[in-house]
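Working notes, beginning with the structure itself.
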Amino acid sequence: MKGPHVSKQEFTFDDLKRILLEGAGADEEVDLDGDILDTDFESLGYESLALLETGSRIEREFDITLDDDIFADHTTPRSLVEAINASLKVTVDA
Amino acid sequence: MSARTLVTGIGVAAPSGLGVEDFWAATRIGKNAIGPVTRFDASSYPSRLAGEIHGFEPAEHLPGRLVPQTDRVTQLALVATDCAFEDAGLDPGDLHPCDMGVVTAAGSGGSEFGENELRKLWSQGPKHVSAYQSFAWFYAVNTGQIAVRNDLRGPTGVLVGDQAGGLDALAQARRRLRKGSRLIAAGGFDASICSLGWAAHLAAGDLSVSEVPERAYLPFDAAASGYVPGEGGALIILEDEEGAVARGARDAYAEFAGYGATLDPRPGSGREPGLRRAVLAALADAGCHPAEVDVVFADGAGVPRLDREEAEAITAVFGPLGVPVTAPKTTTGRIGAGGAPVDVVSAVLSMREGLIPPTTNVELSPAYDIDLVAVRPRTASVRTALVLARGRGGFNSAVVLRALD
């Protein structure tokens with residue numbers, strides 16, 4: 001399970017920022033490069049549809065299936081990144 | 001008697017100019033804005049000319065969150081709305097949100113956005129389709145996004161009637177004002193210069209196949225051979241007079257004085273087309289005698305049969321050579337639901353300057369007994385203007401605008 005394929009199987013905070021920007025853009029009053037790891041997505045200006053689009057892009061790029069409730073259960077970037085990495089680990093281990 | 005409805009702000013996004021200043025500078029002298037299609041590869045299609053808006057960068061005008069979720073037509077509509085509010089000297093936050101509404105017309109919605117997502121669906125699968133496809137393609141999306149961005153929580157609506165829909169939207173706005181709203185943002189937009197939109201234009205017929213921008217769209221000319229599609233539209237801020245005065249609105253452009261709409265009889269019935277009745281209804285609604293009308297902004301289909309019908313309707317109401325007629329849309333092509341609101345902008349600017357913009361490129365056919373303002377603008381005192389619009393399927397709408405005393 002070593003090699004370039006496996007090394008891609010980590011979801012980073014930078015991945016999240018990039019995917020948010022690509023899929024939904026960014027609110028001018030929010031600095032995604034600032035200290036936002038523990039800020040709610042809602043406070044960052046992302047409504048449910050933006051999160052749906054973000055989840056769909058993560059699923060495509062990382063070839064995983066996310067739980068329908070993932071954004072309800074994980075409302076901040078830190079929590080989401082951890083949850084997705086946990087999910088990736090299960091995928092790789094399996 | 002209802003209070004008067006005033007035009008207090010205008011915003012325009014047209015091939016001839018993004019913003020009122022550029023638009024009028026080009027329109028008043030009839031500067032051609034039709035050219036080869038650049039928004040997609042049209043080389044394999046029989047029609048390859050369009051009126052495109054060049055140099056529009058949505059990110060320069062709109063928030064970063066809005067750009068990925070909007071089609072070009074919605075981006076143009078939002079920018080025109082911002083301009084119209086600014087022109088009206090009004091921040092939407094100045095009024096109660098529930099006292100303001102929005103009514104727009106559209107023919108095809110977010111064609112380009114929809115095309116791109118459909119392409120992803122076919123080539124990559126459903127997981128690749130944007131979540132924003134759920135509304136970005138829809139012809140109601142402009143009304144929705146304008147309402148959300150400007151916090152307009154009063155009445156909203158969407159009209160679909162091809163060109164005629166652009167005037168029907170203004171009339172619906174007036175109805176809402178008469179029912180108690182303070183302000184309605186109203187207008188129409190279309191922008192479907194993409195392969196999906198082009199297929200629809202071609203399937204509907206009447207598209208010019210000329211290769212020469214100056215010879216492709218020639219309403220009322222003996223060489224008329226169809227139309228060229230354009231993109232964009234206009235947003236008009238309409239207010240009830242009492243409220244406009246109370247907020248200290250200055251320099252209102254005109255009164256939205258009259259409106260009439262009819263449907264054509266069944267094709268082949270042999271009965272008279274409905275345009276003349278629409279004109280008479282609008283004049284009656286405005287309490288206006290035909291002799292008071294200083295200019296007619298024609299629909300200008302560019303299709304001989306339709307041009308003849310329109311010329312006959314104008315002559316029937318005003319008499320031979322009875323009123324100056326112009327179709328400045330020869331500079332932009334036909335903008336669908338956006339065409340007539342753009343003409344309304346031209347009409348109120350004609351009043352302000354005392355100048356009727358020309359019907360660029362056209363040499364009037366001797367078959368028509370109308371006083372066409374062709375090639376060169378004409379100075380004139382414009383106190384009352386009539387704007388005509390017809391849509392595929394037999395829609396006829398007419399609006400009377402009157403200068404304020």
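The values are calculated or read from the model by the stated rules, or taken from the named source; none is laboratory data. What you see is a predicted model, and the numbers here were worked out from it, not measured in a lab. Cβ coordinates were reconstructed from backbone atoms using ideal geometry, including for glycine residues, and neighbour counts include every protein chain displayed.
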In the list B:202, B:306, which residue meets the criterion of being out of contact with any Cys (no Cβ under 9 Å at 6 or more places or on another chain) and over 23 Å from residue B:347 (Cα atoms)? B:202
Restricting attention to the stretch A:31-41, and to residues there that are among the hydrophobic types (A, V, I, L, M, F, W, C) and under 13 Å from residue A:81 (Cα atoms), which single residue is farthest from the other protein chains (Cβ to nearest Cβ)? A:37
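Say whether the condition of being among the acidic types (Asp, Glu) and within 14 Å of another protein chain (Cβ to nearest Cβ) is met by at least one residue in the stretch B:63-78.
Checked the stretch B:63-78: no residue is among the acidic types (Asp, Glu) and within 14 Å of another protein chain (Cβ to nearest Cβ).
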From the residues in the stretch B:42-62 that are touching a helix residue (DSSP H, G or I) at 6+ places or on another chain (Cβ under 8 Å) and in contact (Cβ under 8 Å) with a residue 40 or more places away in the chain, which one is farthest from the other protein chains (Cβ to nearest Cβ)? B:46
Within the stretch B:201-249, which residues are of a type in the set (Asp, Glu), within 27 Å of residue B:303 (Cβ to Cβ) and crowded, with 21+ Cβ neighbours inside 10 Å? B:221, B:231
Would you tally the residues in the stretch B:145-188 being of a type in the set (A, V, I, L, M, F, W, C) and closer than 14 Å to residue B:3 by Cα? 3
Looking only at the stretch B:297-324, which residues are in contact with a Gly (Cβ under 9 Å, 6 or more places away or on another chain) and within 27 Å of residue B:252 (Cα to Cα)? B:299
Could you please let me know if residue B:211 is modelled with pLDDT of 95 or more, in the same structural domain as residue B:190 (by TED's automatic domain parsing) and within 18 Å of residue B:182 (Cβ to Cβ)? no
Just to check your reading of the model, which residue among B:147, B:164, B:171 is more than 14 Å from chain A (Cβ to nearest Cβ), closer than 30 Å to residue A:45 by Cα and either without any contact (Cβ under 8 Å) to a residue 24 or more places away in the chain or not basic (Lys, Arg) (or both)? B:147
Would you pick out the residues in the stretch B:302-328 that are surrounded by 24 or more Cβ atoms within 10 Å (Cβ to Cβ) and on the phi < 0 side of the Ramachandran plot? B:307, B:310, B:313, B:314, B:325, B:326, B:327, B:328
Note down all Cβ pairs under 8 Å where the first residue falls in the stretch B:317-345 and is closer than 22 Å to residue B:105 by Cα, the second is basic (Lys, Arg) and surrounded by fewer than 24 Cβ atoms within 10 Å (Cβ to Cβ), and they're at least six residues apart or on different chains. B:331/B:31
Extreme residue, nearest to the other protein chains (Cβ to nearest Cβ), among residues of the stretch B:104-128 that are at pLDDT below 95 and crowded, with 18+ Cβ neighbours inside 10 Å: B:109
Top-ranked residue of the stretch A:42-74 - restricted to ones that are assigned to a loop (DSSP other than H, G, I, E, B) and away from every other protein chain (no Cβ under 12 Å), ranked as farthest from the chain's Cα centre (by Cα): A:43
Candidate set from the stretch A:10-30 (those that are assigned to a loop (DSSP other than H, G, I, E, B) and among the charged types (D, E, K, R)); member that is farthest from the other protein chains (Cβ to nearest Cβ): A:10
